[in-house]
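The values are calculated or read from the model by the stated rules, or taken from the named source; none is laboratory data. These figures come from a predicted structure and were not determined experimentally. Every residue, glycine among them, receives a Cβ derived from its backbone with ideal geometry; neighbour counts consider all protein chains shown.
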Amino acid sequence: MRFLGPRRPRRSKPRSPILQGVRSVGGVLLVVVGLLGLVLPVIPGVPLLVAGVAVLGPQHPVVRPMVGWFRRARRSWRRWRHA
């Protein structure tokens with residue numbers, strides 16, 4: 001994979017409040033069902049969590065703590081692996 005330089009932010013049209021609400025509710029539902037899927041063997045938890053996080057985005061208040069936890073877990077795993 002080659003490096004193409006810094007990414008330029010996309011110029012997107014402002015979304016309607018209804019679309020933002022539907023997207024937030026759908027993303028939160030995917031995250032909740034994904035968390036249930038981590039406990040229940042019938043529901044695929046990880047794919048639903050990934051889909052929910054992708055729908056919500058890293059700046060959403062529901063996803064923000066998970067992003068921090070994932071970064072800390074990744075750092076500690078790297079330290080453990082290289083120790």
- Item | Failed item, numbered, when residue 76 is tested on (1) among the polar types (S, T, N, Q); (2) farther than 19 Å from residue 20 by Cα; (3) in a loop (DSSP other than H, G, I, E, B) | (3)
- Message: Return the pair list, or none, for Cβ contacts closer than 7 Å from residues in region 59-83 that are under 15 Å from residue 35 (Cα atoms) to residues that are among the hydrophobic types (A, V, I, L, M, F, W, C) and at pLDDT 80 or above, at least 6 apart or on different chains.
- Response: 62/28; 62/31; 62/56; 63/53; 63/56; 66/53
- Pairs returned, first residue in region 33-46 that is closer than 20 Å to residue 62 by Cα, second residue that is surrounded by fewer than 16 Cβ atoms within 10 Å (Cβ to Cβ) and of a type outside the set (A, V, I, L, M), beta-carbon separation under 9 angstrom, 6 or more apart or interchain, are 34/44; 34/47; 37/44; 37/47
- Within region 9-21, can one find any residue that is out of contact with any Cys (no Cβ under 8 Å at 6 or more places or on another chain), outside any helix (DSSP H, G or I) and surrounded by 10 or more Cβ atoms within 10 Å (Cβ to Cβ)? yes
